[in-house]
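Any read-out appearing in this document is the output of simple, stated calculations on the displayed coordinates, not a laboratory observation. None of these values were measured; they are calculated from a predicted model. Heads up, the Cβs are rebuilt from the backbone with ideal geometry, glycines too, and the neighbour counts pull from every protein chain shown.
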Amino acid sequence: MGAERAVLVHGLWVHAVLMEVQRRLLARAGFDAMSYSYSSVRATLTENAARLAQFARSLAAPVVHWVGHSLGGLVILQMLEQEQALPPGRVVLQGVPSRGSHPGRVLARNALGARVLGRSMREWLEREHPERYPGREIGIIAGSRGLGLGRLLIRGMPAPGDGVVAVAETALQCARDSIVLPVSHSGMLFSRAIARQTAAFLRDGRFDHGAR
């Protein structure tokens, strides 16, 4: 069996390369970190979750931690819902709209917007999801710096939020810990504070609330 792994999963419209800064920062913190890429627009959430589970099993690691940004976190949650027999590991959700997405609902109202939104995000918005993921310690990081396309293009964005996802939209009743940091949605990808808090939760099962 291999060593513990930490797998980073990117969000909508992008590639795993955008997780490289976070991956390197986690590696410096002592984690065997790697990034995973998937089709965030064309594939359904169910399809992406099944492929992610297959990837997890291929690692042959005793422990696999998960770090998801935005839609990537939804793929991870869907995987945990679909697949019960996966290696243990903690989960950190960064700016993940677990309770729904105001910009997503607005875009889904017309054909063009729904196409841009992609099949995975539409599937999440159309389904009910469990509030419990047995055996998983989940940590939630939300941003409070309201800068982003959501704030610029979508009316009625709830606050506080990171410009795309509201703090309230990130909540999960089953979360072991949560923290709000002064970062924007895209800024999370390059933030040392986000990386430090992610490492803290993966290591200890809780965030370091004394250091932002």
Compute the label zone of residue 127 within segment 73-91: residues whose backbone N is under 16 Å from the point 7 Å along Cα-to-Cβ. 73-85
Select from 109, 24, 192 the residue whose mean-square fluctuation is largest in a Gaussian network model of the chain (Cα-Cα springs shorter than 10 Å). 109
Fewest to most Cβ atoms within 10 Å: 31, 201, 55 sort as 55, 31, 201
Whole-Hz ³J(HN,Hα) for each residue in segment 36-46, computed from phi via Karplus 6.51 cos²θ - 1.76 cosθ + 1.60 with θ = phi - 60°, x for glycine and proline: what do you get? 10, 10, 8, 7, 7, 10, 7, 8, 6, 5, 4
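Counting other C-beta atoms within 10 Å, which of 208, 162, 177 has the fewest, and how do the rest follow?
Values: 208 15, 162 31, 177 18.
Arranged by neighbour count, lowest to highest, 208, 162, 177 become 208, 177, 162.
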Per residue, how big is the convex hull of the chain when only Cα atoms are used? Give it in Å³. 104 Å³
Out of the DSSP beta bridges found with both residues in segment 5-204, what percent are antiparallel (nearest 5)? 5 percent
Please compute the contact order of segment 69-207 in relative form: average sequence separation of alpha-carbon pairs under 8 Å and at least six residues apart, divided by the residue count, as a percent. 27 percent
Qualifying GluC sites (Glu not before Pro) for segment 105-212 [loop in DSSP, other Cβ within 10 Å: at most 12]: 128, 131
